[in-house]
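Below is one structure; the comments refer to it alone.
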Amino acid sequence: MSRTVFRWLAGGVGVLLAAIPLLAHHNISGKFDPARTRTLNGVVTRLDWANPHVHILMDVVEGNAVTNWAVELESTIDLERSGWNLNTLKPGDAVTVQGMLARDGSPQIWGNSVVLTASNRRVLEVSAAAKAALLPVANLPARATPRWADGKPRL
């Protein structure tokens, strides 16, 4: 009896632990605003090649000040599928980045496009279909609220 209970308990814990990473995924439009885009020109200071998202840290000169921006990209697996690797960008590379600004006003941007300034070579481009998936759905057709037999709405 105790072995059976232990097995069921261990199996339940295993299922819960396997499901936790699925709960951690989020849509990027929760952190970045698709309506606010910007182009940055700067120099790469560091490439943080780690999951869940790769980050390019870059210095951008704005007037007389230098601001360190964090450019968030896809996961390492998605970037490798696109032809990226650890040596695609190196500290000191001048880049032009286009993307969506952070909603909280911090110097963060979701990189839709990354271009090496010296060679004008595009090293990352997000497809139009992927960009369209980030935009809010407008004017969905209204449907009647489902109701119980007594007329109260089903929730």
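The values are calculated or read from the model by the stated rules, or taken from the named source; none is laboratory data. Nothing here was measured: the structure is a model prediction, and the numbers come from that model. With ideal geometry, Cβ positions are generated from the backbone for all residues, glycine too; neighbour counts draw on all protein chains shown. Remember, those area values only see protein heavy atoms, side chains included, never the ligands or the DNA or RNA. Shrake-Rupley method; radii C 1.70, N 1.55, O 1.52, S 1.80 Å.
General remarks:
- Matching residues, segment 139-152, being under 37 Å from the mean Cα position of the chain (by Cα) and at pLDDT 75 or above: Arg143, Ala144, Thr145, Pro146
- Subset of segment 46-71 (residues that are under 12 Å from the mean Cα position of the chain (by Cα), over 14 Å from Ile109 (Cβ atoms) and surrounded by 12 or more Cβ atoms within 10 Å (Cβ to Cβ)): Pro52
- Residues satisfying the stated conditions in segment 25-47, i.e. in a strand (DSSP E or B), touching a residue at least 60 places away in the same chain (Cβ under 8 Å) and either closer than 23 Å to Asn87 by Cα or of a type outside the set (A, V, I, L, M, F, W, C) (or both): Asp33, Pro34, Arg36, Thr37, Arg38, Leu40, Asn41
- Among the residues of segment 59-89, those that are under 17 Å from Ile28 (Cα atoms) and assigned to a loop (DSSP other than H, G, I, E, B) comprise Leu73, Glu74, Ser75.
- Segment 103-122, residues that are open to solvent by less than 100 Å² (accessible area, probe 1.4 Å), more than 20 Å from His53 (Cβ to Cβ) and part of a loop (DSSP other than H, G, I, E, B): Thr117, Ser119
- Filter result for Ala50 (in contact (Cβ under 8 Å) with a residue 12 or more places away in the chain, part of a strand (DSSP E or B) and among the hydrophobic types (A, V, I, L, M, F, W, C)): no
- Total residues in segment 102-126 satisfying the condition of being under 17 Å from Arg38 (Cα atoms) and modelled with pLDDT under 85: the figure is 3.
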